[in-house]
Amino acid sequence: MLKYFEYEQNSLTLSWADGRVTRLDVLWLQDHDPAGRHDNGQRLISVLDLDWQAGIRAVDRQGGSLVICLTNGRELTFTLEHLAAEQMTTIQDDRSWRGKTLWRGEAFTLPDVSWPDYTGHDDIRCRALAAVAESGLVLLRDVPCEPGQVLEVIHTFGYVRETNYGRLFDVKTVVSPSNLAFSNLGLGPHTDNPYRDPVPGVQLLHCLSNEVDGGENLLVDGFQAAARLQAEHPEAFELLTRIRLPYRFIDEKADLRSRVPFIETDGAGNVLKVRYNNRSIAPFMLPFEEQRAFYQAYRLWAETLSAPDLAFTCRLEPGDCLIFDNTRIMHARTAFTDGGRRHLQGAYSDLDGLYSTLYRLGASAC
Ligand SMILES: [Fe+2]
C-alpha cells in the first residue's frame, strides 16, 4: 500500500507501507509508460523517443492509479499495483550468485524427486526445476532405463541442445576414446564444453547401468568455490574474472573455439558463470609480467575446486538422472574398474528454457 509520494522536477519517490521506497527518474517514467507498450508487453517506443527536457509538473492520485503530468503536456498513468510489484522495488537477478543457496558438500542434501511424481504433478516439477535454479542441480529417480530417455527428460522443461556429439552422448568405456570422458580414468572437477560459445547451460546424466567398482560422481558448487576464492584471495579472484583463456576442441568434424574467463561476472562484480576444464584449454599467451600471477591464481582456483569439504559424492544408480547447471556446478568422476558395465547417457540443454518453464509454472507457487 502506498503511504505517501513526493516529487521533484526530475524524480518521483514512493514510500510503501511495508517500508520499501521506490525512486524513479522522469526518464524511467516515460520509458515505462504503460501506454508505450503493446498488448503483448513489448515496448512500442525507443530511448530516442524520450523527452529529455520534460520534467514533472504534478502528480495526482486517482483511485488505484497515479497520474503524472509532465511539463510537455503528456500524462503518464501507472496503476499502484504495477508500481508496488516486487520487481519494481528490487533488482531482479535470477542468474548471478545473488539470492542463490551456495552449498558445501559435507553439509549438502541433494534435492531429489521420483520420475512419476515429477511428471505427474506440476508443483513437484516446479520444485525440482527451482532446485536447479537455486542450488544448481536436482536428481530425478526412477527414470525409465531406456536408451534416449534423457531426451524425454529434457522435453519436460526445455529443448535439446544438439552438438557435434549429436543429440545425446554415451558415456561408457571405449578403446582409444576421442574424449577422456569415454575412458575409465578418473576425471577432476570440471564444467563441460567451455569451447562452445555459448556454453550449454544445462547438462543431464542418465544412468542406464552401473556395475563397476568406483565411478562415483563428485559434485562441487562452483559459486561456493568462487566465493571462497574471493574471500581468501581477492587478487586471484579479480585476475580470473579478467583474463580470458582460449578453449578448443578439434576432431575430424569440428573445430570449436571460445575465449572466456574462469569466472564471469556482471558489471557489479556478481558471479554469473564459472568454468574449469583443464583438458580443453588451448595454448595461450599472456604478457610476461602477468604470467606468474596468472599461474598462482589458476592454481588457487584448481585447489579451491578440489577442497575436500566442498565436494559432494554420489553414485548414480540405474534410473537416476542428474540435471545440473553447467555454468555453476563442477562435476568429477572417480576411476572405475574395467570389468562390469557402466553406461550413462548425457545430453545438453539451455538454462533459458528451464527458467522459462519455471516461470510458466509459477515459481513462487511451488
Ligand atoms: Fe563432463
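The values are calculated or read from the model by the stated rules, or taken from the named source; none is laboratory data. Just so we're clear, the structure is a prediction, and the values are computed from it rather than from any experiment. As a convention, Cβ positions derive from the backbone with ideal geometry for all residues, glycine included, and neighbour counts pool all protein chains shown. Just so you know, the surface numbers come from the protein's heavy atoms only, side chains and all, with ligands and any DNA or RNA stripped out. Shrake-Rupley method; radii C 1.70, N 1.55, O 1.52, S 1.80 Å.
Evaluate the Debye formula for the chain with equal point scatterers sitting on the alpha carbons, no solvent, and hand back log10 of I(q)/I(0) at q = 0.06, 0.08, 0.15 Å⁻¹, in q order, two decimals. Results for the chain at q = 0.06, 0.08, 0.15 Å⁻¹ read -0.31, -0.53, -1.25.
At a probe radius of 1.4 angstrom, the accessible area of segment 105-365 per residue rounds to 45 square angstrom.
For segment 281-366, the equivalent ellipsoid derived from the alpha-carbon gyration tensor has semi-axes of 32, 24, 14 Å in decreasing order.
Ignoring the sites themselves, the chain has its longest run without GluC sites (Glu not before Pro) in a DSSP loop having at most 13 other Cβ atoms within 10 Å at 9-161. Asp255 contributes an accessible area of around 70 Å² to the protein surface, as traced by a 1.4 Å probe with all chains present.
Among Val150, Met88, Thr109, which residue has its Cα furthest toward the positive end of the charge dipole of segment 66-157, with +1 on Lys/Arg Cβ and -1 on Asp/Glu Cβ? It is Met88, whose Cα lies furthest towards the positive end. If you fit an axis through the alpha-carbon atoms of helix 351-361 and take the longest principal axis of the Cα set of the chain, what angle between them do you get, 0 to 90°, nearest 10? Helix 351-361 sits at roughly 60 degrees to that axis. Relative contact order, whole percent, for segment 2-89 stands at 23, derived from Cα pairs under 8 Å and 6 or more residues apart. When the Cα positions of Gly120, His343, Val138 are compared along the charge dipole of the chain, His343 comes out farthest toward the positive end, with charges on each C-beta of Lys, Arg, Asp and Glu.
Of the residues Thr109, Thr101, Thr304, the one that moves most in a GNM of the chain with alpha-carbon contacts below 10 Å is Thr109.
A probe of 1.4 angstrom, applied to the heavy atoms of all protein chains, finds Thr313 with accessible area near 80 square angstrom.
Working from Cα pairs under 8 Å separated by at least six residues, relative contact order for the chain is 24 percent. Extending 7 Å from Cα along the Cβ direction at Ser46 and again at Asn10 yields two label points whose distance is 2.4 nm. Angle of helix 288-305 to the longest C-alpha principal axis of the chain, folded into 0 to 90 degrees and rounded to 10: 80°. Say the dipole of the chain comes from +1 at the beta carbon of Lys and Arg and -1 at that of Asp and Glu; which of Ile68, Ala226, Ile243 then lies farthest toward its positive end? Working it through, the farthest residue towards the positive pole turns out to be Ile243. The solvent-accessible area of Thr119, taken with every protein chain present and a 1.4 Å probe, is close to 70 Å². Taking all protein chains together and a 1.4 Å probe, the residues Thr337, Thr22, Thr156 rank Thr337, Thr156, Thr22 from largest to smallest accessible area. Rounded to the nearest 20 debye, the dipole size of the chain about its Cα centre is 560 debye, using +1 on the Cβ of Lys and Arg and -1 on the Cβ of Asp and Glu. Using the Cβ-Cβ distance between Tyr159 and Arg23 with R0 set to 45 Å, the FRET efficiency works out to roughly 0.70. Ignoring any ligand, DNA or RNA, what whole percent of the accessible area of segment 249-291 comes from carbon and sulfur when the probe is 1.4 angstrom? Its accessible area is 53 percent carbon and sulfur atoms. Charge dipole of segment 2-89 (Cα centre as origin; +1 on each Lys and Arg Cβ, -1 on each Asp and Glu Cβ, all else neutral): 100 debye, rounded to the nearest 20. Between His82, His38, His343, the Gaussian network model of the chain with springs among Cα atoms under 10 angstrom shows the greatest mean-square fluctuation at His38. Axis of helix 122-135 versus longest Cα principal axis of the chain: the two differ by about 80°, to the nearest ten degrees.
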